[in-house]
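See structure below.
The values are calculated or read from the model by the stated rules, or taken from the named source; none is laboratory data. Note that the coordinates shown come from a computational prediction; the quantities given were computed from them, not determined experimentally. Cβ placement follows ideal geometry from the backbone for every residue including glycine, while neighbour counts extend to all protein chains displayed. We work out accessible area using only protein heavy atoms, side chains counted, and drop any ligands, DNA or RNA first. Shrake-Rupley method; radii C 1.70, N 1.55, O 1.52, S 1.80 Å.
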There are 2 protein chains.
Amino acid sequence: MESAIISDIFSQSFSNRSKRLKASAIRELLKVSTQEGIISFAGGTPDPATFPTEEFAKISERVIKEEYKKSLQYSTTEGDGMLKDAYIEILRKHDNIDWIERDNMLVTTGSQQGLDLIGRIFINNGDDIAVELPTYLGALTAYNVYGPNYHGIELEDDGLNVDQLEDLAKGLKREGKKLKFLYTITNFHNPAGVTMSLEKRKRVLELAEEYDFFIVEDDPYGLLRFEGEKLPSLYYLNKGRRVILLNTFSKILAPGLRIGIIISNKEVIRKCVVAKQGADLCGPAITQKIAGHFLHENDIKKQLDMIIKLYKEKKDIMLKALDKYLGDVEGVSWTKPQGGLFLWVRLPKNIDSGEMFKEAVEKYKVAYILGSAFYFNGEGKNTMRLCFALPPKEIIPEGIKRLAELIKSKI
Amino acid sequence: MESAIISDIFSQSFSNRSKRLKASAIRELLKVSTQEGIISFAGGTPDPATFPTEEFAKISERVIKEEYKKSLQYSTTEGDGMLKDAYIEILRKHDNIDWIERDNMLVTTGSQQGLDLIGRIFINNGDDIAVELPTYLGALTAYNVYGPNYHGIELEDDGLNVDQLEDLAKGLKREGKKLKFLYTITNFHNPAGVTMSLEKRKRVLELAEEYDFFIVEDDPYGLLRFEGEKLPSLYYLNKGRRVILLNTFSKILAPGLRIGIIISNKEVIRKCVVAKQGADLCGPAITQKIAGHFLHENDIKKQLDMIIKLYKEKKDIMLKALDKYLGDVEGVSWTKPQGGLFLWVRLPKNIDSGEMFKEAVEKYKVAYILGSAFYFNGEGKNTMRLCFALPPKEIIPEGIKRLAELIKSKI
């Protein structure tokens with residue numbers, strides 16, 4: 001009953017901004033990849049076996065029954081104080097960040113809302129901002145609507161190419177313009193799986209001082225390090241002077257809580273709070289209280305150790321399978337992540353992971369995310385992201401075998 | 001440790017948009033009004049006694065334990081199907097709307113996110129939109145950031161002044177401009193407590209056809225009618241042709257769920273879905289499943305009857321107290337709502353409810369919301385909103401008595 005004319009009434013009224021809204025390639029592909037029989041390395045989703053299900057079930061019943069006057073009522077925009085206190089403790093213990101107070105934090109509806117609020121309070125149409133190539137798709141989705149002018153910085157095995165960043169900042173200055181901010185995922189990059197070296201972290205901060213830009217450091221995976229030495233965050237190194245830190249509970253507790261955290265100076269947080277008032281008033285108190293009570297009653301270290309053990313095992317199985325089935329294929333390489341959920345595969349230039357996706361799913365019964373989704377400029381056609389966190393250990397080798405057969409058929 | 005120079009790094013970078021972000025007057029005042037000993041008619045918050053606490057507690061434990069693979073994982077942006085089905089049933093039974101499918105609905109993080117997404121996909125900077133005087137503050141907060149050009153339509157005891165709306169649409173047309181949309185709360189208006197008559201509903205829809213604008217109908221309170229005849233929604237009368245309907249569970253189940261619903265044609269919903277992907281990816285599945293299971297297992301009619309009985313009683317007590325303490329005071333009048341949570345008091349022109357707020361709270365120990373917060377143009381200084389839903393029945397007369405003493409002291 002939806003005739004063309006009905007649609008026209010609204011569609012002629014869509015804002016210019018809305019024309020920059022594009023459906024997330026990932027979420028559309030995910031719908032396909034969950035079909036029966038397909039081994040999927042696509043979704044960036046944690047293994048539900050890592051969720052503190054029993055504890056959450058008990059706590060939820062309790063906070064609804066005993067604290068209903070708060071847990072079922074409107075809550076503050078700023079977020080639950082008890083949860084914030086628990087996170088302050090995590091930052092102190094695990095990242096040596098010991099100067100954070102409640103007013104330095106805003107609890108958001110997932111980190112995605114953090115990205116949106118950052119875009120909202122900072123990005124003017126046409127502003128120059130730097131992102132990695134590839135970068136997190138959700139950041140592009142959040143920022144796109146505010147119309148920034150993206151500049152891509154190539155990602156290397158030890159983090160972004162700092163010389164390119166310097167050239168960019170210098171070039172913009174020469175033109176009388178200015179790099180507003182750099183968006184970067186420092187640890188176990190999504191999608192690339194790489195980690196920025198300490199040397200590069202220091203250099204990035206020097207450049208931020210020299211060219212007067214700030215940094216949005218997205219760190220959803222930092223606590224999930226399997227091996228290698230833990231590196232200090234840009235936020236820590238810089239004492240938050242020029243860095244806004246985004247964190248989330250999605251990968252260490254459960255994504256269904258939809259809890260992210262923005263950490264910054266009090267003025268930025270106040271601005272984000274007002275922006276959030278307009279965006280959704282406040283988050284659900286229930287989920288915040290579940291997380292808050294869980295963190296107060298349990299040692300997060302135990303939870304992290306359990307996840308790390310599981311994901312490291314899965315990562316090792318995937319790397320071993322990649323070696324076995326694709327190790328001798330010229331032009332195919334992949335990153336070796338020291339943590340997180342993802343690794344990144346580069347294929348020979350002539351192979352388009354987007355073009356072969358249909359065949360992958362329908363004929364080879366294996367799914368991945370096409371790399372180009374993570375490039376704002378359409379590059380990366382010969383790349384793909386594999387998530388090792390969700391699929392059961394036993395089927396990872398078979399999935400990689402199928403993927404290898406597909407790739408070899410294209411060479 | 002936050003020196004001026006640290007703040008400058010970020011504050012010099014704030015977007016132009018962010019300068020339109022102002023902290024909600026209501027939320028700041030609410031912080032004051034919750035102090036010990038104050039009788040507050042301020043917050044627009046339901047009575048927690050109406051929350052289905054026991055049922056929610058049980059369901060939450062169950063959906064986390066038994067459905068953790070979905071309830072704790074990322075969910076779809078569109079929202080939980082079971083919850084949508086339950087709401088389709090409510091629309092069918094209570095509003096005679098029988099043509100809605102899942103794709104005509106988007107579950108949002110409270111109705112506030114619905115307002116934001118509407119602003120995001122429709123409002124260009126400078127677009128002409130019409131709002132009631134007074135109107136819901138949260139709508140202004142949501143839309144402000146997108147820079148509309150507001151036009152105020154006076155609110156009368158039977159809804160907005162339709163002649164003013166016609167003059168506005170005609171005037172804009174004459175200037176070669178166009179009214180993009182009208183935002184209206186049809187039932188038991190927040191803040192004014194009034195309901196749009198059937199005659200006016202029909203006239204508004206005629207004007208929408210004639211001047212080619214659409215309508216955002218916000219209806220959080222429609223199911224909470226205490227008395228009088230139920231009126232069909234604009235959305236129903238118009239079969240959704242030119243109307244987007246916003247609903248919420250905040251007033252009929254619990255605000256802490258943070259569940260709102262946008263109802264419109266599939267193209268608008270698709271656009272809103274993509275906008276939501278950028279805004280917060282998806283809402284928490286837990287709260288949606290709590291609401292969905294509750295609605296499938298319980299008769300919402302029973303829940304509504306219970307709330308209606310309680311709020312009607314409180315409303316009657318408040319009206320009686322107003323009559324008793326302010327009935328003979330010249331220049332003071334109030335609306336007599338047939339449902340919802342609010343009534344609206346008009347004071348003599350020379351009294352400024354904002355100026356006397358501090359005295360109200362500190363000396364008279366009573367709180368309200370200043371009416372001017374609901375006017376985009378700073379008018380309404382001699383008005384105030386009173387919420388009768390939250391305060392206990394027994395203390396409402398004492399609160400009105402205090403308020404009357406304050407008001408009389410100003411005359």
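How do the pairs read when you match residues in the range B:343-355 that are open to solvent by 10 Å² or more (accessible area, probe 1.4 Å) with residues anywhere that are among the acidic types (Asp, Glu) and part of a loop (DSSP other than H, G, I, E, B), using Cβ under 8 Å and keeping only pairs 6 or more apart or on different chains?
Here the result reads B:PRO348/B:GLU330, each pair linking the range B:343-355 to a residue that is among the acidic types (Asp, Glu) and part of a loop (DSSP other than H, G, I, E, B).
If I ask for residues that are in contact (Cβ under 8 Å) with a residue 60 or more places away in the chain and either of a type in the set (Val, Ile, Thr) or buried (at least 24 other Cβ atoms within 10 Å of the Cβ) (or both), which ones from the range B:88-104 would you list?
Once the filter is applied, which keeps residues that are in contact (Cβ under 8 Å) with a residue 60 or more places away in the chain and either of a type in the set (Val, Ile, Thr) or buried (at least 24 other Cβ atoms within 10 Å of the Cβ) (or both), the range B:88-104 yields B:ILE90, B:ILE97, B:ILE100.
When the residues of the range B:107-127 are filtered to those that are closer than 10 Å to B:ASN149 by Cα and open to solvent by 10 Å² or more (accessible area, probe 1.4 Å), which remaining residue is nearest to the other protein chains (Cβ to nearest Cβ)?
For the range B:107-127, the residue satisfying everything is B:ASN124.
What about A:TYR211, is it within 21 Å of the chain's Cα centre (by Cα) and touching a residue at least 40 places away in the same chain (Cβ under 8 Å)?
Numbers: within 21 Å of the chain's Cα centre (by Cα): no; touching a residue at least 40 places away in the same chain (Cβ under 8 Å): yes.
So A:TYR211 fails the test.
Which one of these is in a loop (DSSP other than H, G, I, E, B), within 25 Å of the chain's Cα centre (by Cα) and among the acidic types (Asp, Glu): B:ASP352, B:ASP328?
Going through B:ASP352, B:ASP328 in turn, the sole match is B:ASP352.
Of all residues in the range B:245-284, count the ones that are more than 7 Å from chain A (Cβ to nearest Cβ) and touching a Cys at 6+ places or on another chain (Cβ under 9 Å).
Within the range B:245-284, residues that are more than 7 Å from chain A (Cβ to nearest Cβ) and touching a Cys at 6+ places or on another chain (Cβ under 9 Å) number 3.
Give the residues of the range A:285-304 that are among the aliphatic types (A, V, I, L, M) and facing chain B (nearest Cβ under 7 Å), sorted by residue number. Quick ask: steps written out before the conclusion?
Pass one, the range A:285-304, residues among the aliphatic types (A, V, I, L, M): A:285-286, A:290-291, A:295, A:300, A:304.
Once the filter is applied, which keeps residues that are among the aliphatic types (A, V, I, L, M) and facing chain B (nearest Cβ under 7 Å), the range A:285-304 yields A:ALA285, A:ILE286.
Please specify each residue of the range B:106-144 satisfying the condition of being under 26 Å from B:LYS289 (Cβ atoms), among the hydrophobic types (A, V, I, L, M, F, W, C) and touching an Asp or Glu at 6+ places or on another chain (Cβ under 8 Å).
The answer is B:LEU106, B:VAL107, B:LEU115.
Considering only residues that are of a type in the set (A, V, I, L, M, F, W, C), at the interface with another protein chain (Cβ under 7 Å from one of its Cβ atoms) and in contact (Cβ under 8 Å) with a residue 60 or more places away in the chain, which ones fall in the range A:43-87?
Hits for the range A:43-87 are A:PHE51, A:PHE56, A:ILE64, A:LEU72.
I'd like to verify a number: residues in the range B:230-244 that are farther than 25 Å from B:THR45 by Cα and either among the small types (Gly, Ala, Ser) or away from chain A (no Cβ under 11 Å) (or both), how many?
Residues flagged as farther than 25 Å from B:THR45 by Cα and either among the small types (Gly, Ala, Ser) or away from chain A (no Cβ under 11 Å) (or both) within the range B:230-244 amount to 6.
It is to be established whether one or more residues within the range B:129-137 are open to solvent by 10 Å² or more (accessible area, probe 1.4 Å), of a type outside the set (Val, Ile, Thr) and either assigned to a helix (DSSP H, G or I) or away from every other protein chain (no Cβ under 13 Å) (or both).
Scanning the range B:129-137 turns up at least one residue that is open to solvent by 10 Å² or more (accessible area, probe 1.4 Å), of a type outside the set (Val, Ile, Thr) and either assigned to a helix (DSSP H, G or I) or away from every other protein chain (no Cβ under 13 Å) (or both).
Answer yes or no: is there a residue in the range A:306-316 that is within 10 Å of another protein chain (Cβ to nearest Cβ) and open to solvent by less than 10 Å² (accessible area, probe 1.4 Å).
no
Do the conditions hold for A:THR76, that is, is it at pLDDT below 95 and surrounded by fewer than 23 Cβ atoms within 10 Å (Cβ to Cβ)?
Judged against the criteria, A:THR76 is a match.
Starting from the range A:313-324, take each residue that is under 16 Å from A:GLY340 (Cβ atoms) and list its partners that are open to solvent by 50 Å² or more (accessible area, probe 1.4 Å), counting only C-beta distances under 6 angstrom and pairs at least six apart or across chains.
Partner pairs satisfying both residue conditions: A:LYS314/A:LYS393; A:ILE317/A:LYS393.
Give the range B:34-49 a look and list any residue that's surrounded by fewer than 21 Cβ atoms within 10 Å (Cβ to Cβ) and either assigned to a helix (DSSP H, G or I) or out of contact with any Pro (no Cβ under 8 Å at 6 or more places or on another chain) (or both), or say none.
Passing the criteria: B:THR34, B:GLN35, B:GLU36, B:GLY37, B:ILE38, B:ASP47, B:PRO48, B:ALA49.
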